[in-house]
1. Between HIS66, ASN38, CYS5, whose Cα lies farthest towards the positive end of the dipole of the stretch 1-107 when Lys and Arg beta carbons carry +1 and Asp and Glu beta carbons carry -1, centred on the Cα centre?
2. Of the trypsin sites (Lys or Arg not before Pro) in the stretch 88-138, which ones lie in a loop per DSSP and count no more than 14 other C-beta atoms within 10 Å?
3. Mind jotting down the distance between the C-alpha centroids of the stretch 179-210 and the stretch 112-136, whole Å?
4. Tell me, what ³J(HN,Hα) does each residue in the stretch 202-207 have, in order and in whole Hz, if you take phi through Karplus 6.51 cos²θ - 1.76 cosθ + 1.60 with θ = phi - 60° and put x for Gly and Pro?
5. DSSP loop trypsin sites (Lys or Arg not before Pro) in the stretch 1-48 with at most 10 other Cβ atoms within 10 Å of their Cβ, which ones?
6. Using 7 Å Cα-to-Cβ label points, what is the LYS9/SER274 separation (nm, one decimal)?
7. Modelling each spin label as a point 7 Å along the Cα-to-Cβ direction, I'd like the MET36/ARG55 distance in nm, to one decimal.
8. Taking the Cβ of GLU194 as the centre, find all other residues whose Cβ is under 11 Å away and add up their charges (Lys, Arg: +1; Asp, Glu: -1).
Amino acid sequence: SLLECAFDKGLLSLFTEVQYWEKIPEFAIPYIAHDMCNQREKLRVMREHVMLVVRAYNSIFDDLTHERLFTDHIRKLDKRINQGLGKLTWASKGVVEHFVRDCCAHCNEVHSIVDQFQGGKAVLKRECRNIACLLMFDKATVQDQAPHRCMIKKKLEASHLAITTELDKMYSSFKEGSQEVQREWRELVKEIDEDILCSLRSAIKRSLQELSRAINGDARTEPQTLFQVQIVLEERLDYRPTMINLTHLVNIIAKELISLVTIPRLTKSPTFYSVISNDPGIFSPICLKIWVNTVAL
C-alpha cells in the first residue's frame, strides 16, 4: 500500500489563515494560534522532508510490475519505515537527521533494483522482437540457403545469449530471496520462455508465408521467379529439374526453416523445435503453383 503524509490538514489551514490575517493589523490573532504559527517554518521543513520519504516510497510502486517478486525487498524497507508510522511524532527529535535520511537511502536502493529489473525486462522484450522479425530464408539464393541459415543461427544464438545473460543479472537481486520469491522468479522465467516460443513461432510462420507469397503471389504481389527450369528436347519433352524435384526442394526449404530452431529452452519443457514442428497452425503444405523461368535447349 502507498504512504500518505499524516500532517494535520487543519493545522495547514490554520497556518494559511493566520498568514492572511497577519496582513490586517487591526485584527487580533488568538495567542494559541499565533504561538503555533511561530513554529510554522520548522514544521514546514519537517513536513517537506517527510514528503521526500513518501514520494520515494510511492514511486517504487509506480514503477513496479511484479510486486510479489519484490516481496522481500519491500518487507525489509517497510521495517525501516514502520518506525515513523508508529513511534515517531512531529515533536520527536532526530526525524530529519536519522529517519528521513535512512529511509530515503533505502528507498533509493530498492528503486534502483526496480529500475534494473525494468531495464532487464526491456532488453528481454527487445530480443524477443528481434527473433520475431527474422526472415529465415533468402529469396535471392533460394536454391542455396546454407549461408543464410548460418547467419540466422548466429542471430538466434546471439539473442538467446543476450536473454540468458540479462536473466542472470536480474536474478542476482533475488537469488537469496524466500521460497515465495523463488517461486515467482520461476514463473517469470516460464513467462519469458513462452515469449521466446511465441517469437520463434511468429518468425517461422511469417517466413513460410513469405515463401508461399514468393511462389504463388497474392492480391498485391506477383509471383516471383525463384527457380530456373530447363526444357530438354531429346526423344521427348522433359523438364530439368522435374516438377516433382521442385516440389521436393520447396518442401525441404520449408522444413529447414523449422530446423533452424536449435536454441535451448529456459525451462524443462519440450524443445522449441518439437513444439513448433508439431504445431498444425505453423507448418501447412505450401501450394506449389511454381512459377519458373524456362530455358529451352
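The values are calculated or read from the model by the stated rules, or taken from the named source; none is laboratory data. All values derive from a computational prediction rather than experimental measurement. So basically every Cβ, Gly included, is an ideal-geometry build from the backbone, and we count neighbours across all protein chains shown. Accessible surface is based on the protein model in full, side chains and every heavy atom, while ligands, DNA and RNA are left aside. Shrake-Rupley method; radii C 1.70, N 1.55, O 1.52, S 1.80 Å.
1. HIS66
2. Answer by residue number: LYS93.
3. Result: 12 Å between the Cα centres.
4. Per-residue couplings from phi come out as 5, 5, 5, 5, 5, 5 Hz.
5. Passing both the DSSP loop test and the Cβ count: LYS23.
6. Rounded to a tenth, the inter-label distance reads 6.2 nm.
7. Placing both labels 7 Å beyond Cα along the Cβ direction yields 2.6 nm.
8. -1
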